[in-house]
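No value in this document is a laboratory result; all are computed from the given coordinates. Note that the structure is predicted; figures quoted are calculated from it, not measured. Quick reminder, even Gly has a Cβ in these numbers, built from the backbone with ideal geometry, and neighbours come from all protein chains shown.
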Amino acid sequence: MSNITTLDQFLSEAKAQFHIYDLGRRVQLIDKSTFKKIEQLNQPYPYPIQGHGQFAVVFWTDSAQPFIWFLKLPLDEQGFLSPSATSQFMTMIIEALGQNITKELVEKEQQKLANHAFSFKPTEEKLAVFNALVRKTLNAKLSKQYQYAADYLQGNINKDDWQGMGLQGIADICVRLDDSQHLAMINYALSLNIKDLSIALCQCLELIEIPDTLGATLFNLFKTCDQENTKSYYFRALASQPKYTIKTIEIINSVNAFTPNILIIIAARNWIALTDANTLKTYFEALAKQSPQMFNQVFADLVAIPLLRQQLLCFIRQPERSVQLSDAIGGLFRAIKS
């Protein structure tokens, strides 16, 4: 038992099947082989957010319903799981479940681990999308809210009765966009132009992969929308579509409309677009106009993302930049050294 240092080892010894879902910037399945490398410190956590890896462990045995742990583990400055925190968590698990870790995991034992220093509560939107994705992955029964949402989004219920839909039902539809019928439901919902419905829908779409055709629709809605609040949700929903995110950022830049909120949205959701060199420069030129504290915090958050890390480290050393950006980067270096 003393040799068990990872969740992968623990769950294997417990004869449990399991899935790992990232719940940081989006809601997405992490391949088991990738998660094993993460735990063995052979690769950094792929989707860090604010210095942590936020993920859910869904595990089950042949005779039990799936259990779920929501975990938030700290990362080091290079994005690797903190060995001391992971070790502390594993010790806590083994102590809570007793000496015989190969016994069947029952609900009473699961409850012993419900509240601890490494647990976190996902937002309502993430929880809804997560539940929908787990049900889909495990071929489990759809939520009770699904049928009303499906009937409404197929035009079988009066459009004024949209409030009868729950967020879970909307999420159930969204995670099934690979099916043309469900994609048609989403397009119908967007065409109704009901503000609160569109926002709820976008809050789910920003957490998943969406097809190119839906990206084009959302981009056009962003361009034509005259309500700034709703407009920002259309933007967030483009998170998995860097092609349209880049175009949207160009529009925002052309009218000098970067706000602290938009800059944070890009860092938290639409960050994939920053792999484009021109977009990256545009973004950081705008970020440099904010407070030094915000600049440093956003940079620290983004540089921890493996996909961006090397590009960002090269970017801050490039001489072609405004005086304002040079000053912001200088302040960043001073803060790092202090």
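Remark: C-alpha extents of the stretch 263-330 on the principal axes read 27, 21, 17 Å, sorted largest to smallest.
Here the simple spin-label model places points 7 Å from the Cα toward Cβ, and for ILE157 and ALA335 these points are separated by 4.6 nm. Rounded to whole numbers, the Karplus 3J(HN,Hα) couplings from phi for the stretch 279-290 are 5, 4, 5, 4, 5, 6, 5, 6, 5, 5, 7, 8 Hz, using 6.51 cos²θ - 1.76 cosθ + 1.60 with θ = phi - 60°, and x at Gly and Pro.
Rg over Rh for the stretch 123-211 works out to 0.92, using Cα positions for both radii and the Kirkwood form for Rh. Whole Å is fine, so just give me how far the alpha carbon centre of the stretch 290-338 lies from that of the stretch 150-175. Between the Cα centre of the stretch 290-338 and that of the stretch 150-175, the gap is 44 Å.
Calculated on the Cα set of the stretch 152-305, radius of gyration then Dmax: 16.4, 53 Å.
Applying the Karplus relation 6.51 cos²θ - 1.76 cosθ + 1.60 with θ = phi - 60° to the stretch 331-338 yields 3J(HN,Hα) values of x, 5, 4, 5, 5, 5, 6, 6 Hz, where x marks Gly and Pro.
Ranking VAL303, VAL129 by Cβ neighbours within 10 Å, fewest first, what do you get?
Numbers: VAL303 21, VAL129 30.
With the fewest neighbours first, VAL303, VAL129 line up as VAL303, VAL129.
Across the chain, the convex hull enclosing all Cα atoms gives 144 Å³ per residue. Peptides 131-140, 15-24 ranked from most to least packed give 15-24, 131-140, packing being the mean of other C-beta atoms within 10 angstrom over each peptide's residues. When shorter helices are ignored and each DSSP H run of at least 4 residues is given -39500 (n - 2.57), the per-residue value for the chain at 222 nm works out to -16000 deg cm²/dmol.
Translational diffusion of the stretch 7-111 was estimated from the Stokes-Einstein equation, with Rh taken as the Kirkwood radius over Cα pairs; at 25 °C and 0.890 mPa s the coefficient is 172 µm²/s.
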